[in-house]
Amino acid sequence: MLDDSAISIATHYWTNHLGCAAGELFSEPLRIITHGPDLADYHGVFALFREGAAIVSLPPQHADALRPLLAGLAKDCSPDALATALQSAAAVVVGPAYIGYATKVALPEHPVRALNPEDIPALHEFQQKCNPTEWEHGGSGTENSCSGVFVDGKLVAVAGYEIWGGKIAHVLIITHPDHRGNGFARSAVAHLAARAIDAGLLPQYRTLESNRASIRIAETLGFHPYARSLAVRLSTNV
């Protein structure tokens, strides 16, 4: 399970990201707020769920119209229940997603190393082999800290991280489509997460709960669940 320090770092980050008051995050079964600065441009609803508590952030300009849709969730708000309640206003539902953190991780099973500027050609070649949408969500450039697995001189998996809130290393991972199912992604994440911990950061692993293979990577490496998230992009007529 997560230690108090990791929980404190994660809670501090999400409190600031949502723009809620200290102690407001996960304070009741359903807490409804309006978007803070970080979510000001998001035309949608964002929610976090942890240990029976939920916090739901609404666009302020649509809060009055959306609140009645949530009236039946006051005592039991789950991701599925929230998605159903917002169905009439939703364009796209993203989630539920797993959010986990690790303070120590398992060792890589395959040779892996940090990427450097000399690896840019290999990284560009690797990117060309990946689905553009998958790259958008999981790809990394050498401007971020990256760890890569090579097979026969070719890059087959890359993990990178973005620093969130000065304390969290948000992990990104992508594997060459011809080399999946071999544990290369796990090794890349293991190496990268260890580097993040050595740098004084808390590695964060976030993936859709429907992606069971990705969840297994997190679990076997030593990530522990902190919360679940749900994002509901609103239709244009809301």
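Looking only at the stretch 1-27, which residues are in a loop (DSSP other than H, G, I, E, B) and either in contact with a strand residue (DSSP E or B) (Cβ under 6 Å, 6 or more places away or on another chain) or closer than 23 Å to Ala169 by Cβ (or both)?
Keep residues of the stretch 1-27 that are in a loop (DSSP other than H, G, I, E, B), which gives 1-3, 19-27.
Within the stretch 1-27, Met1, Leu2, Asp3, Gly19, Cys20, Leu25, Phe26 qualify.
Within the stretch 161-176, count every residue that is in a strand (DSSP E or B) and over 13 Å from the mean Cα position of the chain (by Cα).
Restricting attention to the stretch 161-176, the residues satisfying the condition of being in a strand (DSSP E or B) are 161-164, 168-175.
Remaining after also requiring over 13 Å from the mean Cα position of the chain (by Cα): 174-175.
Looking only at that region, the number is 2.
Give the number of residues within the stretch 188-211 that are touching a Ser or Thr at 6+ places or on another chain (Cβ under 8 Å) and among the charged types (D, E, K, R).
Going through the stretch 188-211 one residue at a time, the tally reaches 2.
Please specify each residue of the stretch 82-100 satisfying the condition of being free of Cβ contacts under 8 Å to residues at least 40 places away in the same chain and surrounded by fewer than 16 Cβ atoms within 10 Å (Cβ to Cβ). Before you say what the answer is, go through the steps one by one.
Here is the first cut: in the stretch 82-100, the residues free of Cβ contacts under 8 Å to residues at least 40 places away in the same chain are 84-85, 87-88.
Hits for the stretch 82-100 are Thr84, Gln87, Ser88.
Only one of these is out of contact with any strand residue (DSSP E or B) (no Cβ under 9 Å at 6 or more places or on another chain), in a helix (DSSP H, G or I) and either more than 30 Å from Thr84 (Cα to Cα) or of a type in the set (Lys, Arg) (or both): Arg195, Arg216. Name it. Step through it out loud before you land on a result.
Details: Arg195 fails: out of contact with any strand residue (DSSP E or B) (no Cβ under 9 Å at 6 or more places or on another chain).
Within the list Arg195, Arg216, the selection yields Arg216.
For the stretch 169-187, name all the residues that are under 27 Å from Ala199 (Cβ atoms) and of a type in the set (S, T, N, Q).
So in the stretch 169-187, the residues under 27 Å from Ala199 (Cβ atoms) come out as 169-176, 183-187.
If the condition is that a residue be under 27 Å from Ala199 (Cβ atoms) and of a type in the set (S, T, N, Q), then Thr175, Ser187 are the ones that fit.
What number of residues in the stretch 51-69 are surrounded by fewer than 20 Cβ atoms within 10 Å (Cβ to Cβ) and assigned to a loop (DSSP other than H, G, I, E, B)?
2
Before we move on, is Leu82 closer than 13 Å to Val238 by Cβ, in a helix (DSSP H, G or I) and out of contact with any helix residue (DSSP H, G or I) (no Cβ under 6 Å at 6 or more places or on another chain)?
Working: closer than 13 Å to Val238 by Cβ: no; in a helix (DSSP H, G or I): yes; out of contact with any helix residue (DSSP H, G or I) (no Cβ under 6 Å at 6 or more places or on another chain): yes.
Considered against the rule, which asks whether it is closer than 13 Å to Val238 by Cβ, in a helix (DSSP H, G or I) and out of contact with any helix residue (DSSP H, G or I) (no Cβ under 6 Å at 6 or more places or on another chain), Leu82 comes out as no.
May I ask you to list the residues in the stretch 157-173 that are surrounded by fewer than 24 Cβ atoms within 10 Å (Cβ to Cβ) and of a type in the set (A, V, I, L, M, F, W, C)?
Filtering the stretch 157-173 for residues surrounded by fewer than 24 Cβ atoms within 10 Å (Cβ to Cβ) gives 162-168, 170, 172.
Those that are surrounded by fewer than 24 Cβ atoms within 10 Å (Cβ to Cβ) and of a type in the set (A, V, I, L, M, F, W, C): Ile163, Trp164, Ile168, Leu172.
Exactly one condition in (1) crowded, with 18+ Cβ neighbours inside 10 Å; (2) β-branched (Val, Ile, Thr); (3) in a helix (DSSP H, G or I) is false for Val105; which is it?
Only one criterion in (1) crowded, with 18+ Cβ neighbours inside 10 Å; (2) β-branched (Val, Ile, Thr); (3) in a helix (DSSP H, G or I) is unmet by Val105, namely (3).
Name every residue in the stretch 32-64 that is without any contact (Cβ under 8 Å) to a residue 40 or more places away in the chain, in contact with a strand residue (DSSP E or B) (Cβ under 7 Å, 6 or more places away or on another chain) and under 21 Å from Tyr98 (Cβ atoms), in order of residue number.
Of everything in the stretch 32-64, those that are without any contact (Cβ under 8 Å) to a residue 40 or more places away in the chain, in contact with a strand residue (DSSP E or B) (Cβ under 7 Å, 6 or more places away or on another chain) and under 21 Å from Tyr98 (Cβ atoms) turn out to be Leu39, Ala54, Ile55, Val56, Ser57.
Tell me, which residue of the stretch 124-142 that is in contact with a helix residue (DSSP H, G or I) (Cβ under 7 Å, 6 or more places away or on another chain) and in a helix (DSSP H, G or I) is farthest from Val171 (Cα to Cα)?
My answer is Gln127.
Give the residues of the stretch 198-217 that are under 19 Å from Ser145 (Cβ atoms) and either touching a Leu at 6+ places or on another chain (Cβ under 6 Å) or modelled with pLDDT under 95 (or both), sorted by residue number.
Taking the stretch 198-217 and keeping what is under 19 Å from Ser145 (Cβ atoms), we get 198-206, 217.
Passing the criteria: only Ile217.
The values are calculated or read from the model by the stated rules, or taken from the named source; none is laboratory data. The shown structure was predicted, so the numbers you read here are calculated from the model rather than taken from an experiment. Neighbour counts run over all protein chains shown; Cβ positions are idealised from the backbone, glycine included.
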